[in-house]
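Reading through the structure tokens given below for one structure.
The values are calculated or read from the model by the stated rules, or taken from the named source; none is laboratory data. This one's a predicted model, so the numbers in the text were calculated from it and none came from an experiment. Don't worry about glycine lacking a Cβ; one is built from the backbone with ideal geometry, like all the others, and counts go over all protein chains shown.
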């Protein structure tokens, strides 16, 4: 594993050295988002971050897709930052920043210092990654402040749900990833599902998630982390429980399009009813806030001027 990673990063270093030289020569204004200026070198840095955080190597056939992803994520973050700056009083817990940064490193099987060293060796300022995480934490704070009065959770209903399975001594937990793609009306559903399965078979689940998924988890290769069975909806749970480790679930039709899961691992955990109740309450709150987050962002995007600068 260490040898593979070393080879990967040598390839990445070579790529970035080439990008860096070209960026210095040709750097110029590339996009304006509202009153914020984005340069070509900003997009280059965004591509570096995508490659490093997804343990991906560069190839010419990925160039257009990487550029599209970098532009999309840069625009999205700047729209959020404009709103954050407009509100002005937002803050986040610094322990959450360390926790999120550590999670990024752990997802790549590194510690945080190693991730920082990798960024430094690839001529990437680690504060760029820190600032990305800070923006998301501040955005989450903004959404909570705006919509906290709409977080109506029926705790009694959750307790009743837990009582129905209180005799069960252990819970199943699943380490899963997801891909959500838009339904293509020009293709039959069966044909679109077969095409998705073939892409996953050829390029791997994580790469297809990064390239095609419309979920917020796309930038993390679809990673959802460990979820216990109580916070997974009944329909999803049956698909996941029937899927063996390392395999892909049967596709599920959802309002956004088509959803598939990859089951990366399974385990049993001892039950703690109070902890489970808190998890379920937090999960329901997070689901509501994500809905408001998506709606609020879409509204901002429609009202924000985005201009690409012609050469």
Would you point out which residue out of 109, 64 is surrounded by fewer than 16 Cβ atoms within 10 Å (Cβ to Cβ), out of contact with any helix residue (DSSP H, G or I) (no Cβ under 8 Å at 6 or more places or on another chain) and free of Cβ contacts under 8 Å to residues at least 12 places away in the same chain?
64
Scope segment 259-293; condition closer than 19 Å to residue 213 by Cβ and touching a residue at least 60 places away in the same chain (Cβ under 8 Å); matching residues:
259, 260, 261, 262, 263, 264, 290, 293
Is it the case that segment 21-40 has a residue that's part of a helix (DSSP H, G or I), at pLDDT 90 or above and surrounded by 14 or more Cβ atoms within 10 Å (Cβ to Cβ)?
yes
Expected output for segment 191-203 (first residue in contact (Cβ under 8 Å) with a residue 40 or more places away in the chain, partner in a helix (DSSP H, G or I), Cβ below 7 Å, 6+ apart or cross-chain) is 200/208
From 283, 261, grab the single residue that is within 18 Å of the chain's Cα centre (by Cα) and over 30 Å from residue 68 (Cα atoms).
283
Taking segment 236-262 as the region of interest, how many residues are more than 19 Å from residue 206 (Cα to Cα) and modelled with pLDDT under 90?
7
By residue number, the members of segment 182-211 that are surrounded by fewer than 18 Cβ atoms within 10 Å (Cβ to Cβ) and touching a strand residue (DSSP E or B) at 6+ places or on another chain (Cβ under 8 Å) are 182, 183, 189, 193, 197
Scan 118, 165, 87, 158 and give me the residue that is crowded, with 16+ Cβ neighbours inside 10 Å and either out of contact with any helix residue (DSSP H, G or I) (no Cβ under 6 Å at 6 or more places or on another chain) or modelled with pLDDT of 90 or more (or both).
118
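In segment 37-46, how many are touching a residue at least 24 places away in the same chain (Cβ under 8 Å) and either more than 10 Å from residue 74 (Cβ to Cβ) or outside the structural domain of residue 119 (by TED's automatic domain parsing) (or both)?
1
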Among the residues of segment 47-79, what is the count of those that are at pLDDT 95 or above and either under 20 Å from residue 204 (Cβ atoms) or not assigned by TED's automatic domain parsing to the domain that holds residue 129 (or both)?
0
